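The values are calculated or read from the model by the stated rules, or taken from the named source; none is laboratory data. Predicted model, so just to flag it, every value in this text is computed and none were measured. As a convention, Cβ positions derive from the backbone with ideal geometry for all residues, glycine included, and neighbour counts pool all protein chains shown.
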Amino acid sequence: MAMRLFLLYAVIELAVLVALVSTVGVGWTVLAVMATFVVGIVLAGSQVKRHIRQLRTGLTAATAHGAITDSALVALGTVLVVIPGIASSVLGALLLLPPSRAAARPLLTVLVARRVPVITVAAAGATRYRAGRGDYIDGEVMDVTDVTDVEPQRLPRHPDHA
């Protein structure tokens, strides 16, 4: 899976570089690569500092989910900015901007929900059962004993198969 992702990354970056070189030339392409890297690093630094300040001020149960997903998106954006290439730097810079993070937050939540098993966190007042929340399965518990000491019964052979 990782090899496929790397191959996809390499093909996309190469296609972007070839298209840019054929459009504006080698010099402008090198300048564009350096500019996206520098702008991305500056943007990543400011967003990381902003997030650290926000986390230090304290989180409530209502703002914790948004802060966690924003932190993950800022970290992903920072990594994408540092990785060489125009496409990854532009995508990383987009993830570092607050409006595009707000748009990417539901997508990240869906992707994580598919991959991670359900984890229950006991928040303030969340430990008691609330009507209409979660699944309730009415059932009966049966105690099952595994019997391994009994010899298997042999069935009588059918007269046609003897």
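A search for C-beta distances below 8 Å between a residue of the stretch 26-40 that is under 14 Å from A93 (Cα atoms) and any residue that is at pLDDT below 90 and surrounded by fewer than 13 Cβ atoms within 10 Å (Cβ to Cβ), counting only pairs 6+ apart in sequence or on different chains, returns V33/P84; F37/P84. When V112, V90 are checked against the criterion of being modelled with pLDDT under 75, among the β-branched types (V, I, T) and either crowded, with 16+ Cβ neighbours inside 10 Å or closer than 30 Å to I12 by Cβ (or both), a single residue qualifies: V112. Take T57 and decide whether it is over 20 Å from the mean Cα position of the chain (by Cα), surrounded by fewer than 12 Cβ atoms within 10 Å (Cβ to Cβ), free of Cβ contacts under 8 Å to residues at least 60 places away in the same chain and over 26 Å from A10 (Cα atoms). Considered against the rule, which asks whether it is over 20 Å from the mean Cα position of the chain (by Cα), surrounded by fewer than 12 Cβ atoms within 10 Å (Cβ to Cβ), free of Cβ contacts under 8 Å to residues at least 60 places away in the same chain and over 26 Å from A10 (Cα atoms), T57 comes out as yes. So which of L76, L31 ends up being in a helix (DSSP H, G or I) and in contact with a Gly (Cβ under 9 Å, 6 or more places away or on another chain)? L76 is the lone residue from the list that is in a helix (DSSP H, G or I) and in contact with a Gly (Cβ under 9 Å, 6 or more places away or on another chain). Here is the figure for the stretch 41-68: residues that are at pLDDT below 80 and part of a helix (DSSP H, G or I) total 13.
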